[in-house]
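As structure tokens, the structure follows; a few thoughts come after it.
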There are 6 protein chains.
Amino acid sequence: MPIVEAHILEGYASEEKSRLTAALTDAVRFVVPAPDEAITVMLHEYPKEAYARGGVHRAPAPALPKPDRLVLDYLAAMEARELERAEAMLGDSFVMAFPGTAPMTALAQLVDWSKSRYRFVKKSYEAVEAFNSGGAAIVYARGTLSGEWLDGAAFEGIRFIDRFEVVGGKIVRQDVWNDIAEVRAQ
Amino acid sequence: MPIVEAHILEGYASEEKSRLTAALTDAVRFVVPAPDEAITVMLHEYPKEAYARGGVHRAPAPALPKPDRLVLDYLAAMEARELERAEAMLGDSFVMAFPGTAPMTALAQLVDWSKSRYRFVKKSYEAVEAFNSGGAAIVYARGTLSGEWLDGAAFEGIRFIDRFEVVGGKIVRQDVWNDIAEVRAQ
Amino acid sequence: MPIVEAHILEGYASEEKSRLTAALTDAVRFVVPAPDEAITVMLHEYPKEAYARGGVHRAPAPALPKPDRLVLDYLAAMEARELERAEAMLGDSFVMAFPGTAPMTALAQLVDWSKSRYRFVKKSYEAVEAFNSGGAAIVYARGTLSGEWLDGAAFEGIRFIDRFEVVGGKIVRQDVWNDIAEVRAQ
Amino acid sequence: MPIVEAHILEGYASEEKSRLTAALTDAVRFVVPAPDEAITVMLHEYPKEAYARGGVHRAPAPALPKPDRLVLDYLAAMEARELERAEAMLGDSFVMAFPGTAPMTALAQLVDWSKSRYRFVKKSYEAVEAFNSGGAAIVYARGTLSGEWLDGAAFEGIRFIDRFEVVGGKIVRQDVWNDIAEVRAQ
Amino acid sequence: MPIVEAHILEGYASEEKSRLTAALTDAVRFVVPAPDEAITVMLHEYPKEAYARGGVHRAPAPALPKPDRLVLDYLAAMEARELERAEAMLGDSFVMAFPGTAPMTALAQLVDWSKSRYRFVKKSYEAVEAFNSGGAAIVYARGTLSGEWLDGAAFEGIRFIDRFEVVGGKIVRQDVWNDIAEVRAQ
Amino acid sequence: MPIVEAHILEGYASEEKSRLTAALTDAVRFVVPAPDEAITVMLHEYPKEAYARGGVHRAPAPALPKPDRLVLDYLAAMEARELERAEAMLGDSFVMAFPGTAPMTALAQLVDWSKSRYRFVKKSYEAVEAFNSGGAAIVYARGTLSGEWLDGAAFEGIRFIDRFEVVGGKIVRQDVWNDIAEVRAQ
């Protein structure tokens, strides 16, 4: 125990159903310390004609995209400076907060600002965590940065963490923390 | 839709059941973009005698403590420098990583090290996020720091984020990022 | 078969639950010709804390009043010419259609008009039928009329049928058919 | 809430399942004033081998015909004076009650009697209502009559209501009320 | 997996519910080789007003007595030659088959016949097995016999097995096999 | 009532599902004296992707073989003295107990011993009963023996009962009782 039954409309892909069973399993683990083999999740799937809300048959809403995949795509595009591709993943109200500067809303701003910080930077990911919180999917990506300072000296192993909010399949907020200033001060 | 039924043993407190329904609701939202009023969660509760696994009646495992409450208690104890109280919330394998120093395992180490950084520091929380990931509860607390530098000058509004892993009701890992070095460099 | 499970919030009275099981049983009979002993209805009742829609615990909406009881009360009040009591059971948009006259909206109109038809009339009910249709409860009452013509002669056994629409616990429409003209013409 | 799950054998057509979900939705609305989007109906369908009553696998009983469709077919046949076709829709114990005459059991009786009332009559339907009540499906059809009196004068807009009882796919009772006498008396 | 949900009326004692969960668990084990911790049984209990078959609320039938307890009581009564007590546990059509004699229907017959076999006999039980088969509960009791032959010599360790059919709480059939003749022949 | 729902993985054959519904029906009958038409069993089958235990999708374990079929095959092989075929159905720890001799573990022992008892023996089965008890399937076969004594004389109608324990698809224990000695003593 516990046993969870979820009733959904037919039409979701295997991968989407696996994500749902995984999320429901984690939801149980968050509250009940049952051994893993005692947490069962079962999905009942209904064809459209066997389900009605308010007397009306319904089509299944397309599953939300995996927010962590979206975030990793975005970060890869930014690392490659493919701004247009990255831009396409942002919501209208997008805002980002980086260490030591005011909030920015355009990727071009970020690129400009970073020119005063390093020649380039690459991310190695230690872990990516994604979950839902109210109306948004939250993604945390953390790991270490490597790259070159403006003077051409190399750096690596600098800790970072990025937090993203994803709404309706678009990134609407990015918050970044890292040890760059710490390392430069040493 | 979707509709989630969870079958649990009798004995959980109202607050614990609310946490479970909230976690299950968020699990659904993570995958299916249903409108809020279409996501229903129902808990079936069974008295011990009406439930058996492997033919054996079972008692309910006590619910896990709210990990975010534990983390806030710990942070409050640390701010007040009540090390013994804070220590009691840590697991045996506790390790913490702070900006600009090697990983530490004892709170006394942290206190010593911080003496070279500031006289004191206070946290204002903007948000705390908690979720489960595999065998651990994860808590993120973020906001701003205020306090006094070693020279007595005041500081405030410095962004921070802390990540905690909680296993079996104990904190086993703390990772901290903040803009202290960034601010001092300016 | 079929077997019907209905999930409801705790708080409904026994009589209300019986009405719900009866209505669900009739719904099945309307489509599937199962023998009576094969139609099972079971109600799962949830305390408030064990049920959430959109992550929000809900209180049960008070059950709707029995519409046939309301209609019989109204007809009794009209027969006794207790117009104020009858009026209280009518919705704002109330309208009624009687044989041989234009639609009326006020009970006083009806009383006036009937003075040209008979001294008094009493209803004997053969059957009352109630069911739901979209946003309204529908009630049919049928039977025979007895009373006195304007000349003092008695009449009886005149067939009638009344149709009512009940919305939100109020009568919003009454349609009446009967054989009065037929009998008078003979 | 409420949520209704109905367990049925596989083999019903989409239209039949829609009728069942509609009937169950109306059954809930009859007692609980939930908003439409909170009333969910789900059908679980079982292949024969996955269902047993008394240890015996069962085949699904063919769904009952739509009683309102049957009634409208019957009324169309009567209007066209296709007595044989209409007769085929009647049960053995069929009886009908019309205004101003004794109960009749044969369609030929009705046709004879009507010859003394009008040359022909046509029905315009305002609404048809069908529901189940115990062992019978009940159908009410109402609207207005048009046609020609015996003297060739046309009439129209005369209110009528017909009530039918349908058992085992056959009409066993018809009751008719209308304002014909009322109109002729004017 | 598998998970079994049984829906029953409220009113059964804890011991009766435990018997039902045990019997359902054994039913699953009979077909599916799942590990014990993966076989879950849950009982949903309904108050009378929340359950209807054919639209009629039902009272729970009293649980059947444990047939193995009945059989052991009967065997103890027979061993103590309390024939009246034993008789009360027999159904009208009771019949018994013992080694080396024709079927008997009265306990007195059995007692008479046994006088030509031994002075007395006692049963030591190795195991009792009970299960349902169609309309009857079946009980098997097996173990060893000890006692005294007619010449006063003691015997012991003679294997026996008894089979009983229990219908409606009464024993209707007893079949006995044992090694008495085998032992006497040696 | 009662109604039993069993949740299983997809992949079981019709015959296996019938065995499971039959076993569950008998489990209910063992405790609740409901009329047969009121005991309903329904199987929910889940494709692999719609079921997870501990967050892991599972494949269905192959159904256990019918233990009574195994036992009858074994007894047929023994009657035909096809020892190798019979041997293949036995578990490593197999042991058998026959009337009037010590427990044996090898079929050859049994064949040798029987040569001092009769030339050959055939079984006519009156009934075979199979059920589960804890970790083993139990099979009882009973009926009458016929054959030839060592002196060539024929015998028939001698009562017997065999009890088998089947674990993991192998026979691990056989216990035999019969009236052979009884008959020879007469």
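The values are calculated or read from the model by the stated rules, or taken from the named source; none is laboratory data. Keep in mind the model is a prediction, meaning the values are calculated, not measured. Here the Cβ positions follow ideal geometry from the backbone for every residue, glycine too, while neighbour counts run over all protein chains shown. Just so you know, the surface numbers come from the protein's heavy atoms only, side chains and all, with ligands and any DNA or RNA stripped out. Shrake-Rupley method; radii C 1.70, N 1.55, O 1.52, S 1.80 Å.
The criterion of at least 1 residues that are more than 22 Å from the chain's Cα centre (by Cα) is met, among strands (runs of 3 or more DSSP E) falling completely within region A:116-186, by A:118-133, A:136-149, A:154-167.
Return the only residue of D:Ala108, D:Ala63, D:Ala80, D:Ala86 being closer than 23 Å to D:Glu148 by Cβ and within 16 Å of the chain's Cα centre (by Cα).
Working: D:Ala108 fails: within 16 Å of the chain's Cα centre (by Cα); D:Ala63 fails: closer than 23 Å to D:Glu148 by Cβ; D:Ala80 fails: within 16 Å of the chain's Cα centre (by Cα).
Residue meeting the stated conditions: D:Ala86.
Can you confirm whether F:Val41 is in contact (Cβ under 8 Å) with a residue 24 or more places away in the chain, within 13 Å of chain D (Cβ to nearest Cβ), at negative phi and not in a strand (DSSP E or B)? Reasoning before the result, please.
Values: in contact (Cβ under 8 Å) with a residue 24 or more places away in the chain: yes; within 13 Å of chain D (Cβ to nearest Cβ): yes; at negative phi: yes; not in a strand (DSSP E or B): no.
No.
Residues considered: D:Phe94, D:Phe98, D:Phe120. Of these, the only one that is within 14 Å of chain C (Cβ to nearest Cβ) and in contact with a strand residue (DSSP E or B) (Cβ under 7 Å, 6 or more places away or on another chain) is D:Phe98. Candidates are the residues of region B:18-35 that are open to solvent by 10 Å² or more (accessible area, probe 1.4 Å), under 26 Å from the mean Cα position of the chain (by Cα) and at the interface with chain C (Cβ under 9 Å from one of its Cβ atoms); the one that is farthest from B:Leu64 (Cα to Cα) is B:Arg29. Exactly one residue out of E:Glu45, E:Glu79, E:Glu126, E:Glu148 is touching a strand residue (DSSP E or B) at 6+ places or on another chain (Cβ under 8 Å) and not assigned by TED's automatic domain parsing to the domain that holds E:Lys170, and it is E:Glu45.
Taking into account only those residues within region B:46-66 that are in a strand (DSSP E or B) and open to solvent by less than 50 Å² (accessible area, probe 1.4 Å), which is nearest to A:Arg58 (Cα to Cα)? Step by step, filter region B:46-66, then rank; the result is B:Tyr46.
Do you know which of the residues in region E:97-115 that are open to solvent by 70 Å² or more (accessible area, probe 1.4 Å) and assigned to a loop (DSSP other than H, G, I, E, B) is modelled with the lowest pLDDT? Among those residues, the one meeting the criterion is E:Lys115. On inspection, C:Glu15 does not qualify as within 23 Å of B:Thr40 (Cβ to Cβ), outside the structural domain of C:Lys122 (by TED's automatic domain parsing), free of Cβ contacts under 8 Å to residues at least 12 places away in the same chain and not in a strand (DSSP E or B). When region D:146-167 is filtered for residues that are within 12 Å of another protein chain (Cβ to nearest Cβ), farther than 19 Å from C:Phe131 by Cβ and of a type in the set (A, V, I, L, M), only D:Ile158 remains. Looking across region D:61-78, the residues that are free of Cβ contacts under 8 Å to residues at least 60 places away in the same chain and more than 14 Å from chain A (Cβ to nearest Cβ) come down to D:Ala61, D:Pro62, D:Arg69, D:Asp73, D:Ala76, D:Ala77, D:Met78. Looking across region D:116-143, the residues that are among the charged types (D, E, K, R) and surrounded by 14 or more Cβ atoms within 10 Å (Cβ to Cβ) come down to D:Arg117, D:Arg119, D:Lys123, D:Glu129, D:Arg142.
Of the residues making up region B:144-167, those that are under 19 Å from A:Phe98 (Cβ atoms) and either of a type in the set (S, T, N, Q) or crowded, with 17+ Cβ neighbours inside 10 Å (or both) are B:Thr144, B:Leu145, B:Ile158, B:Arg159, B:Phe160, B:Ile161, B:Asp162, B:Arg163.
Just name the residue that is most open to solvent (accessible area, probe 1.4 Å) out of those in region A:168-177 that are within 10 Å of another protein chain (Cβ to nearest Cβ) and not aromatic (Phe, Trp, Tyr).
Our first condition is that a residue be within 10 Å of another protein chain (Cβ to nearest Cβ); within region A:168-177, this holds for A:168-169, A:175-177.
Remaining after also requiring not aromatic (Phe, Trp, Tyr): A:168-169, A:175-176.
Working: A:Gly168: 72, A:Gly169: 21, A:Asp175: 8, A:Val176: 5 Å².
Per the criteria, the residue is A:Gly168.
Answer yes or no as to whether B:Arg81 is in contact with a helix residue (DSSP H, G or I) (Cβ under 9 Å, 6 or more places away or on another chain), more than 7 Å from every other protein chain (Cβ to nearest Cβ), among the basic types (Lys, Arg) and surrounded by fewer than 16 Cβ atoms within 10 Å (Cβ to Cβ). Yes, satisfied. Does at least one position in region F:45-61 carry a residue that is in contact with a Phe, Trp or Tyr (Cβ under 6 Å, 6 or more places away or on another chain) and more than 29 Å from F:Ile171 (Cα to Cα)? No: zero hits.
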